[in-house]
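The values are calculated or read from the model by the stated rules, or taken from the named source; none is laboratory data. Everything quoted here is computed from the prediction, not taken from an experiment. Here the Cβ positions follow ideal geometry from the backbone for every residue, glycine too, while neighbour counts run over all protein chains shown. Calculation scope for accessible area: heavy atoms of the full protein, side chains included, ligands and nucleic acids excluded. Shrake-Rupley method; radii C 1.70, N 1.55, O 1.52, S 1.80 Å.
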Amino acid sequence: MKRRDFLGAAGAGLVLTGCGQEQAAPVTATTRAQQTFEWKMVTTWPKNFPGLGTGASNVARLITEMSGGRIKVTLYGAGELVPPFEVFDTVAGGTAQLGHGAAYYWKGKSKAAQFFAAVPFGMNAQEMNAWLYYGGGMELWTETYAPFGVLPAAAGNSGVQMGGWFNREINSVDDLNGLKMRIPGLGGEVLERAGGLPVSMPGSEIFTSMQTGVIDATEWVGPYNDLAFGLYKVAKHYYYPGWHEPGTTLECLINRDAYDSLPADLQSIVTNACRVVNGDMLAEYTARNNTALRALVEEHNVDVRPFPDEVIAKLRELSEQVVAEVADQDALSARVYKSYLEFRQQVVDWHDISERAYLNLRAG
Ligand code: CA
């Protein structure tokens, strides 16, 4: 016999399940262990997007599995409960307890947010994780979202992305002039300064926008995602590398009140499910991008080429300006910028003689 008492904690999604609770009992370790929570998760991507959507569903599945069903997470893909760019507000307001997205989508909330997704010419996946977990990054990210009642967790990484798909060749900086390109975050601001017209739109709108000429170019993620989207059908030239997204961190947004209402073991499960997916997604991307790149080149005859040195040099120069100017926006952004930059310099020094030296050596 089961009876459910709704405790009126809608934002916390709290449901107490138990037997024989006709009389009020004090909350003990036993009753806490009987508490179950029904949580909603909203995402900025459709459910089955390779890597991104499946990463979100892995977070939901792992929390449910690891908690033995004490937290049951129901996943809503982009547009199912709310539109993709309303995910942050939905979690902040408590309509959903969890969200999955990328921090650069929320630069309208806080300029500092952008440092926790991707910085042009910034840190790669390995370096981002080092900064977040061991270099003070998580503490700053937590502080950035605190005014909104949202707790962040790193929950996925794409690795180095591709530069994007272009319907014309980019042979000089002048070719960026007037280029309408879907490119989010700081990369978009850099393109704008180079004379381009950056457009922000969710992934689901990219294909049609390219097809109908609303945009001339788009970046999305890398071969794994871009093949699935069929972007080779709407643009000829596929440029590398993703100077604007050198290792984009995906995030899990957690409603603070909902998190605080959990017993400590369930809090640990939520946090660590995100941590598992954070590492797992990078492994998935690293494996799947290889085979997808081969398919793009061999089956679809895609023209894969590097950006010209002149273009990269200009974008690097503009990136330094744009990123430094974010730091001037407010005191928090200044502190995040300082922490990010100091860590990047340290890790560059180390990786110059470790990862980079090895990759160069291996290339022969
Ligand atoms: Ca991207």
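Observations on the model:
- Where Tyr337 falls short, out of the listed (1) touching a helix residue (DSSP H, G or I) at 6+ places or on another chain (Cβ under 7 Å); (2) open to solvent by 40 Å² or more (accessible area, probe 1.4 Å); (3) in a helix (DSSP H, G or I); (4) more than 28 Å from Lys111 (Cα to Cα): (4)
- Enumeration of residues in the range 42-95 that are under 15 Å from the mean Cα position of the chain (by Cα), among the polar types (S, T, N, Q) and either surrounded by fewer than 18 Cβ atoms within 10 Å (Cβ to Cβ) or more than 18 Å from Pro152 (Cβ to Cβ) (or both): Thr54, Ser57
- Elements of type strands (runs of 3 or more DSSP E) in the range 202-315, at least 2 residues being within 16 Å of the ligand (Cβ to nearest atom) and crowded, with 17+ Cβ neighbours inside 10 Å: 237-240, 249-255
- Any hit, the range 174-185, residues being of a type in the set (S, T, N, Q), open to solvent by 30 Å² or more (accessible area, probe 1.4 Å) and either more than 27 Å from Asn255 (Cα to Cα) or within 11 Å of the ligand (Cβ to nearest atom) (or both): yes
- For beta carbons closer than 7 Å, sequence separation of 6+ or different chains, a first residue in the range 181-197 that is within 17 Å of Tyr104 (Cβ to Cβ) and a second that is of a type in the set (Lys, Arg) and not in a helix (DSSP H, G or I), the qualifying pairs are Gly185/Lys107.
- The range 130-172, subset surrounded by 21 or more Cβ atoms within 10 Å (Cβ to Cβ) and more than 18 Å from the chain's Cα centre (by Cα), residue farthest from Leu282 (Cα to Cα): Phe166
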